[in-house]
1. Mind giving me the FRET efficiency for Glu139 and Ala1? R0 is 22 Å, r the Cβ-Cβ distance, nearest 0.05 is fine.
2. Which number gives the lysine pairs in the stretch 1-129 that have C-alpha atoms under 20 Å apart and are eight or more places apart or on different chains?
3. Calculate the translational D of the stretch 55-125 in whole µm² s⁻¹ from Stokes-Einstein, where the hydrodynamic radius comes from the Kirkwood formula applied to all Cα pairs, the temperature is 4 °C and the viscosity 1.567 mPa s.
4. Short version: ³J(HN,Hα) in whole Hz for each residue of the stretch 157-162, in order, from phi by Karplus 6.51 cos²θ - 1.76 cosθ + 1.60 (θ = phi - 60°), x for Gly and Pro, what are they?
5. What spacing in nm lies between the two simple spin-label points modelled at Tyr54 and Ala14, each 7 Å away from Cα in the Cβ direction?
6. For the stretch 1-116, with only Lys/Arg (+1) and Asp/Glu (-1) charged at the beta-carbon, what is the dipole magnitude about the Cα centre, in debye rounded to 20?
7. About the Cα centre, and with charges only on the beta carbon of Lys, Arg (+1) and Asp, Glu (-1), how big is the dipole of the stretch 36-84? Nearest 20 debye, please.
8. Please give the residues of the stretch 139-165, grouped as numeric ranges, whose backbone N is less than 17 Å from a label point set 7 Å along the Cα-to-Cβ vector of Ala114.
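The values are calculated or read from the model by the stated rules, or taken from the named source; none is laboratory data. None of these values were measured; they are calculated from a predicted model. Backbone-built Cβ (ideal geometry, glycine too); neighbour counts: all protein chains shown. Note: areas computed on protein heavy atoms with side chains; ligands, DNA, RNA excluded. Shrake-Rupley method; radii C 1.70, N 1.55, O 1.52, S 1.80 Å.
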Amino acid sequence: ACYAAAGRFTNATATEREAIGMLTNNVSPDQFAERMKLYEAGLAYCNVDHLAKYVEHLLDVKRFAEAEPLARRNVGIRKIISTNDGELFRAQTMLGHALCGEDKFSEAEPLLLAGYEGLKQRTDAVHFAEEKQKRDALESLAKICDATNRREQADRWRMELADSVRQ
């Protein structure tokens, strides 16, 4: 992890491979394999669950510019290691929400749509955090449509938001 943090990914990969070779039957290789994927992609390890919670906090207090690079990192890591699509969809909506807060609408909209549609499809596994991300995505999509003179679409997003709050 230290090698990767210092940008020495060749060393990080070799050391991780060595660590995997030393595993005993009592230890799951999953965490090691995740880190290996990150190092091979040129990314340093971080606890993505903590990262996501911090990004959520920054978004809640409307510190969008500060949240954006961390949200980008969260999406990048989730694309590489996530076995749970909900985590990637949540990460996409958080990045989209950060970009929308900075008025970067053309970049935000596809992320918000992908994240929202993905979360909407997961009705069997939705929990509170995913519901919050869905509502945030709808609010941001309505804001984007208002800002780009698509009032009718903005109203449809607001109606969908109202319906989701009632459920």
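1. That gives a FRET efficiency of 0.05.
2. Values: Lys37/Lys79; Lys53/Lys62; Lys53/Lys79; Lys62/Lys104; Lys79/Lys120.
Within the stretch 1-129, the lysine pair count is 5.
3. Numbers: Rh = 11.9 Å.
The estimated diffusion coefficient comes to 109 µm²/s.
4. 5, 5, 5, 5, 5, 4
5. So the label points at Tyr54 and Ala14 sit 3.0 nm apart.
6. Working: 13 positive and 16 negative charges, 45 e Å.
That gives a dipole near 220 debye.
7. Values: 8 positive and 6 negative charges, 20 e Å.
For this selection, approximately 100 debye.
8. 141, by backbone N distance to the label point.
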